[in-house]
Amino acid sequence: MIAADVAVQRPPDAKLLIVDSQRHIIHVPRTAFVEFLRPNDLVIANDAATLPASLTGVHEQTGKSIEVRLAGRPSLDPMDVSRFSAIVFGEGDFHIRTEDRPLPPLLQSGDTLVLGPLHATVEKVLGHPRLLSLHFTGTADEIWAGLASHGHPIQYSHMQTSLELWDVWTRIAGPPVAFEPPSASFILDWQVLAAIREHKARFATITHAAGISSTGDDDLDRLLPFDEPYRIPETTARAVELTRKLRGRVIAVGTTVVRALEDAATEDGHLRSGEGVAKGRIGPATRLRVVDAILSGTHESGTSHYELLRAFLEDSTLEEATHELIEHGYKTHEFGDSVLIL
Amino acid sequence: MTDFSGLRVAITGGTSGLGLALVRELVSRGARVAFVARTRERVEQVMRDNPGAHGIVGDVSAKHDIYPIAMQITGELGGLDVLINNASELGPTPLRMLSDTECEDLEHVFATNVFGPFRLAKALMGALSASAREGRGAVVLNVFSDAGASAYPGWGAYGSSKAALHQMSRIWHEEHAGEGVRFLSLDPGDMDTPMYHAAIPGADPSTLKRPAQAAHEFLEAIEQALPQMVTD
């Protein structure tokens, strides 16, 4: 597929491939998404805002330049921001593909990373020279201020220009807990939410700390997605119950929503509200308990996102849909086109 | 007085005048407060004087400051229930006729009084609408002025910017009614603040409203606009 290389969240010519419940494939302009909702459907999106998770700096022990990409944290607690898992690159910037980025200098427990105004200590190297847990020095407010002044959104080599926070925050962005944007939600704006209400469908959110989508390193990518904390509001759990009662469909906007909802699902298909940590991978063997349909970006086979789509569709249909995406010139990656599997 | 425990409030221009009075009143009533101001030393002083308040250094008139400010607000508070766009720019003093106002000065007044609140409310609308969906309620209070309604000679830059903000508040209020986010545009009246004395040198403070009184009145209005008081 063609890489979407311009940071426009809602390009006027965005496309949507729909696989309907009869397994027919339909191509429509993405703006028509709402027309495929039915009364009592529930659209659930991830309202995480995206952190400026890319921090450049220096490995104090060697004086070498590094880029730290924050990749995970233990909880969503606003004051619990001293500990993160992170992926570290050596010299260079986003113009170089992550696959080609050099390794960082040899990192060891106790090393210091000076990242602009922030100082971090390497707690542990997590079985790979790029992957570590780190600990920031300072109060939570000082860490937030340091991230705000020095951090940048994680960048992509396929983009024409560097991304600013306003490029990666969705319209519904709330708590800044995602490491990369929950980009399926780029489809949403306030006009679309009003249209969902006009169609007598409902809208709800969860907050999920969407992690890094790809590291460029096959060994690390096999570990993706990392454990991701999430929060499901009580009102969202109640909306799911109501949707079940009224025989509507639960439509997840993005793979992170599926991960959170299915992690919080009980055996009998109810949804627990509150905080949790999504750990498992979702794939063809997963029995979906809460989510009926997914609105997602376009994903290439072999990625964890593609694997998740296999929980919704048998392989032959998914392969046919992928073929159609290529044939019809769909764009992929964060600012690309979309797929709706009903 | 109502206890605001658990209410998450952000205030711009929080180190002097009405903004400082709001910070003090909200902290004393249990709210979780983040405030924004340009000068680091004053932000740190207000944090020392009001333990628990989260101070954020930033300039709402600067486009590149808005998202870092918004991220710190929602990061430190874990969400947002109330945004008070209080930071205001009077323009050059002594006050002058509109035709004697430099375009750049007018632009700066609008950058602080119109584009700043616009950008910040836009960046925080996701957090505010989430609060509304969860039944906590959500309010944006934009500080208005009678200079935005009456044609006072010499108040052209400030008055026209406040008129623009007032009209934006009314439109926002209509457009976001479906999400349950309410917009208030309130005039605190003539207050004994540095800004008022800059505009009217020699004004008799005894004839002016105390900022603490205006803060008290604003919090009553916010309370009425919320569906119910929230507590964590």
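The values are calculated or read from the model by the stated rules, or taken from the named source; none is laboratory data. All figures in this text were calculated on a predicted structure; none of them were measured in a lab. Ideal geometry is used to build each Cβ from the backbone, glycine not excepted, and the neighbour counts take in all protein chains shown.
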Among residues belonging to region A:125-180 that are of a type in the set (A, V, I, L, M, F, W, C), outside any helix (DSSP H, G or I) and within 14 Å of another protein chain (Cβ to nearest Cβ), point out the one that is nearest to A:Phe94 (Cα to Cα).
A:Leu163
Restricting the search to region B:179-211, which residues are among the aliphatic types (A, V, I, L, M), more than 16 Å from the chain's Cα centre (by Cα) and surrounded by fewer than 19 Cβ atoms within 10 Å (Cβ to Cβ)?
B:Ala198, B:Ile200, B:Ala203, B:Leu208
Could you say which residue among B:Ala121, B:Ala151 is more than 25 Å from B:Ala53 (Cβ to Cβ), surrounded by fewer than 23 Cβ atoms within 10 Å (Cβ to Cβ) and among the small types (Gly, Ala, Ser)?
B:Ala151
Which of the residues belonging to region A:287-342 are acidic (Asp, Glu) and in contact with a strand residue (DSSP E or B) (Cβ under 9 Å, 6 or more places away or on another chain)?
A:Asp292, A:Glu300, A:Glu320, A:Glu324, A:Glu334, A:Asp337
Residue list for region A:205-220, filter: assigned to a loop (DSSP other than H, G, I, E, B), more than 14 Å from chain B (Cβ to nearest Cβ) and of a type in the set (A, V, I, L, M, F, W, C):
A:Ala210, A:Ile212
Over region A:97-124, the set of residues surrounded by 20 or more Cβ atoms within 10 Å (Cβ to Cβ) and assigned to a strand (DSSP E or B) is A:Leu113, A:Leu115, A:Leu118, A:Ala120, A:Val122
Tell me, which residue of region A:143-179 that is touching a Pro at 6+ places or on another chain (Cβ under 8 Å) and charged (D, E, K, R) is surrounded by the most Cβ atoms within 10 Å (Cβ to Cβ)?
A:Asp167
Residue check: is B:His176 at pLDDT 95 or above, closer than 21 Å to B:Thr12 by Cβ and more than 15 Å from the chain's Cα centre (by Cα)?
yes
Would you call B:Asp81 in contact with an Asp or Glu (Cβ under 6 Å, 6 or more places away or on another chain) and either closer than 12 Å to B:Ile11 by Cα or surrounded by fewer than 20 Cβ atoms within 10 Å (Cβ to Cβ) (or both)?
no
Has region B:82-90 got any residue that is closer than 24 Å to B:Pro188 by Cβ and within 14 Å of chain A (Cβ to nearest Cβ)?
yes
Matching residues, region A:243-264, being within 14 Å of chain B (Cβ to nearest Cβ) and free of Cβ contacts under 8 Å to residues at least 60 places away in the same chain:
none
Residue ID - nearest to B:Asn113 (Cα to Cα), chosen from residues in region B:1-19 that are in a loop (DSSP other than H, G, I, E, B) and not hydroxyl-bearing (Ser, Thr, Tyr)
B:Gly13
Looking at B:Phe183, B:Phe144, B:Phe218, which is the one that is closer than 27 Å to B:Pro94 by Cα and among the aromatic types (Phe, Trp, Tyr)?
B:Phe144
When every residue in region B:30-59 that is more than 10 Å from chain A (Cβ to nearest Cβ) and touching a Leu at 6+ places or on another chain (Cβ under 6 Å) is compared, the one farthest from B:Leu120 (Cα to Cα) is B:Ala31
Which ones in region A:186-196 are more than 9 Å from every other protein chain (Cβ to nearest Cβ) and in contact with a Lys or Arg (Cβ under 8 Å, 6 or more places away or on another chain)?
A:Phe186, A:Ile187, A:Leu188, A:Asp189, A:Ile196
Assess whether A:Ala195 counts as being of a type in the set (A, V, I, L, M, F, W, C), buried (at least 24 other Cβ atoms within 10 Å of the Cβ) and assigned by TED's automatic domain parsing to the domain that holds A:Leu246.
no
Could we say that B:Gly154 is at positive phi and at pLDDT 95 or above here?
yes
May I ask you to list the residues in region A:221-237 that are in a helix (DSSP H, G or I) and within 10 Å of chain B (Cβ to nearest Cβ)?
A:Glu234, A:Thr235, A:Thr236
Criterion (β-branched (Val, Ile, Thr), assigned by TED's automatic domain parsing to the domain that holds A:Glu180 and within 15 Å of the chain's Cα centre (by Cα)) met by exactly one of A:Val240, A:Val257, A:Val290, A:Val250
A:Val257
Residue under question is A:Phe94, and the condition is that it be over 21 Å from A:Pro229 (Cβ atoms), aromatic (Phe, Trp, Tyr), assigned by TED's automatic domain parsing to the domain that holds A:Thr56 and surrounded by 22 or more Cβ atoms within 10 Å (Cβ to Cβ); does it hold?
no
Identify all residues within region A:181-204 that are aromatic (Phe, Trp, Tyr) and part of a strand (DSSP E or B); write none if there are none.
A:Phe203
Does any residue of region B:101-117 turn out to be out of contact with any strand residue (DSSP E or B) (no Cβ under 9 Å at 6 or more places or on another chain) and closer than 30 Å to A:Arg238 by Cβ?
no
Please verify whether B:Ala70 is buried (at least 24 other Cβ atoms within 10 Å of the Cβ), assigned to a helix (DSSP H, G or I) and either facing chain A (nearest Cβ under 8 Å) or not β-branched (Val, Ile, Thr) (or both), treating the condition exactly as stated.
yes
